[in-house]
Amino acid sequence: MEISTKMQAYQFKSYQGPAAFATVATPQPAADELLVAVMAVGLNPVDYKIQAGKMKPLMKAKLPLTMGNEFAGTVVAVGKQVTGIAVGDRVYGRPDHQHAGTLAEYLTVPATQVAKIPEKLSFTEAAALPLTGLTSYQVLHDVANLQPQERVLIQAGAGGIGVLAIQMAKRMGAFVATTASAENADFLRQLGADQVIDYRKTDFSQVLHDYDLVFDTLGGRALQDSFQILRPGGQVISISGVPTAALAESQQLGILKELMFAAASYPLQRRARAKQTKYQFLLMHPSGSQLKIISDWVTHDELHPVIAKVFPWEETGAAYDQLKAGHVRGKLIVQVQK
Ligand SMILES: NC(=O)c1ccc[n+]([C@@H]2O[C@H](COP(=O)([O-])OP(=O)(O)OC[C@H]3O[C@@H](n4cnc5c(N)ncnc54)[C@H](OP(=O)(O)O)[C@@H]3O)[C@@H](O)[C@H]2O)c1
């Protein structure tokens, strides 16, 4: 297959500046990498948070930066050291920050960061899974070690994270409460939620108690109130709130950031200790092997992507406008190529 040396990518040149299509060089795969023709990309809030410069304390980026943090596509070339994946394979993944920028006609990605797409999924369906699927798995499995019969509150059940986290927590045998607006309640019960709280009418911290885990996707006041519903020994794991010193250490961000994050998360740590509970912050990481587990669950009908809308490539900007409005059910997908 003839691959053009130039391609289209959706980029921004300065933080808080606009994003637009640009013609850039098609990347070349290193020995451990794949070159993938991108077919579909799932959009995530982190994309526009990076563009706004809000992720600078956690990740370095070189400008101009291509947007997008997950993809589904077809392998068109493989590096010399790659085994187990061949040209023509359908793969999906969430690349690391050095390989960020999935909203492009082609991308390079380490082979260890992808998995083959389950046969039953289209590219647009597959693109709805990597970032939110891995985040949900890493919170519920790796950090929380969620057990059957445990009780978990998953905040914002109708969001990109929520729709997968609810299904995974049910698969792990937990009792699942979630928050959503009233129009999403029936849909979330069908996904498996045992209790749906209309956050516009009811304060979750007044109606839930003795919970083992809060999966916080909201931050702010909801995060502060989370400790009230935990049993002693319970935990809050946030992906949206205040990063901790432990996160700075694990990401090797340096002693200054460790001290900054320790100070910023101190009020939450104090609340956690007062209730004999624990507060942690998770920053998700790419993993081809965990994506294979997610593929298995999809293959066995235990996990289903939820897509609100598929946008054509030319309407990427409109897709981000809808995401930023904040009430998407599941995921928005951009179809890059057909
Ligand atoms: N740390 C990490 O590694 C990591 C990884 C992934 C995501 N995140 C972060 O996690 C957050 C959630 O991500 P996402 O992809 O799920 O976002 P999303 O898809 O944009 O979330 C949209 C959903 O939020 C719901 N919602 C809005 N306000 C709510 C409220 N007050 N209470 C309950 N639900 C509410 C809406 O439901 P209704 O329409 O019913 O209101 C909507 O369905 C984002 O801040 C994202 O950046 C962090």
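The figures follow:
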read-out: Residue in the range 23-35 that is open to solvent by less than 30 Å² (accessible area, probe 1.4 Å), among the aliphatic types (A, V, I, L, M) and closer than 30 Å to residue 243 by Cβ present; value: no
read-out: Any pair with Cβ under 7 angstrom, 6 or more apart, that starts in the range 126-150 at a residue that is farther than 19 Å from residue 301 by Cβ and touching a residue at least 60 places away in the same chain (Cβ under 8 Å) and ends at one that is among the acidic types (Asp, Glu) and open to solvent by 10 Å² or more (accessible area, probe 1.4 Å); value: 150/212
read-out: Among the residues listed as 252, 276, 269, the single one being away from the ligand (no atom under 16 Å from the Cβ), more than 24 Å from residue 189 (Cα to Cα), surrounded by fewer than 21 Cβ atoms within 10 Å (Cβ to Cβ) and modelled with pLDDT under 95; value: 252
read-out: Within the range 59-76, considering residues that are closer than 16 Å to residue 99 by Cα and open to solvent by 10 Å² or more (accessible area, probe 1.4 Å), the one nearest to the ligand (Cβ to nearest atom); value: 59
read-out: Flag if residue 239 is of a type in the set (A, V, I, L, M, F, W, C) and either closer than 17 Å to residue 161 by Cβ or touching an Asp or Glu at 6+ places or on another chain (Cβ under 6 Å) (or both); value: yes
read-out: Residue check for residue 158: under 29 Å from residue 66 (Cα atoms), small (Gly, Ala, Ser) and within 16 Å of the chain's Cα centre (by Cα); value: yes
read-out: Every residue from the range 279-303 that is away from the ligand (no atom under 16 Å from the Cβ) and either of a type outside the set (Gly, Ala, Ser) or touching a Leu at 6+ places or on another chain (Cβ under 6 Å) (or both); value: 292, 293, 296, 297, 298, 299, 300, 301, 302
read-out: Sole exception among (1) over 16 Å from the mean Cα position of the chain (by Cα); (2) surrounded by fewer than 21 Cβ atoms within 10 Å (Cβ to Cβ); (3) of a type outside the set (D, E, K, R) for residue 106, by number; value: (2)
read-out: Every pair of residues 6+ apart whose Cβ atoms lie under 7 Å, when the first sits in the range 155-173 and is away from the ligand (no atom under 13 Å from the Cβ) while the second is modelled with pLDDT under 95; value: none
read-out: Hits in the range 6-22 (condition: polar (S, T, N, Q), open to solvent by less than 80 Å² (accessible area, probe 1.4 Å) and over 19 Å from residue 335 (Cβ atoms)); value: 14
read-out: Output for the range 199-221, where each listed residue is more than 12 Å from the ligand (Cβ to nearest atom) and part of a strand (DSSP E or B); value: 211, 212, 213, 214
read-out: Boolean, residue 185 is surrounded by 15 or more Cβ atoms within 10 Å (Cβ to Cβ) and under 21 Å from the mean Cα position of the chain (by Cα); value: no
read-out: Scope the range 21-36; condition small (Gly, Ala, Ser) and in contact (Cβ under 8 Å) with a residue 60 or more places away in the chain; matching residues; value: 30
read-out: In the range 132-167, the residues that are polar (S, T, N, Q) and open to solvent by 10 Å² or more (accessible area, probe 1.4 Å); value: 145, 147, 149, 167
read-out: Near pairs, Cβ below 6 angstrom, 6+ apart or cross-chain, from the range 236-252 (within 12 Å of residue 265 (Cα to Cα)) to any residue that is within 10 Å of the ligand (Cβ to nearest atom) and of a type in the set (Asp, Glu); value: 238/216; 241/216
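For every residue, the table says whether it meets (1) under 24 Å from residue 191 (Cβ atoms); (2) of a type in the set (A, V, I, L, M, F, W, C); (3) touching a Gly at 6+ places or on another chain (Cβ under 9 Å).
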position: 256; (1), (2), (3): no, yes, no
position: 281; (1), (2), (3): no, yes, yes
position: 284; (1), (2), (3): yes, yes, no
position: 289; (1), (2), (3): no, no, no
position: 299; (1), (2), (3): yes, no, no
position: 305; (1), (2), (3): yes, no, yes
position: 318; (1), (2), (3): no, yes, no
position: 336; (1), (2), (3): no, yes, yes
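The values are calculated or read from the model by the stated rules, or taken from the named source; none is laboratory data. Fair warning: this is a prediction, and the values are worked out from it, not measured in the lab. All Cβ positions, even for glycine, are placed from backbone atoms using ideal geometry, and neighbour counts span all protein chains on display. With ligands, DNA and RNA removed, areas are computed over all heavy atoms of the protein, side chains included. Shrake-Rupley method; radii C 1.70, N 1.55, O 1.52, S 1.80 Å.
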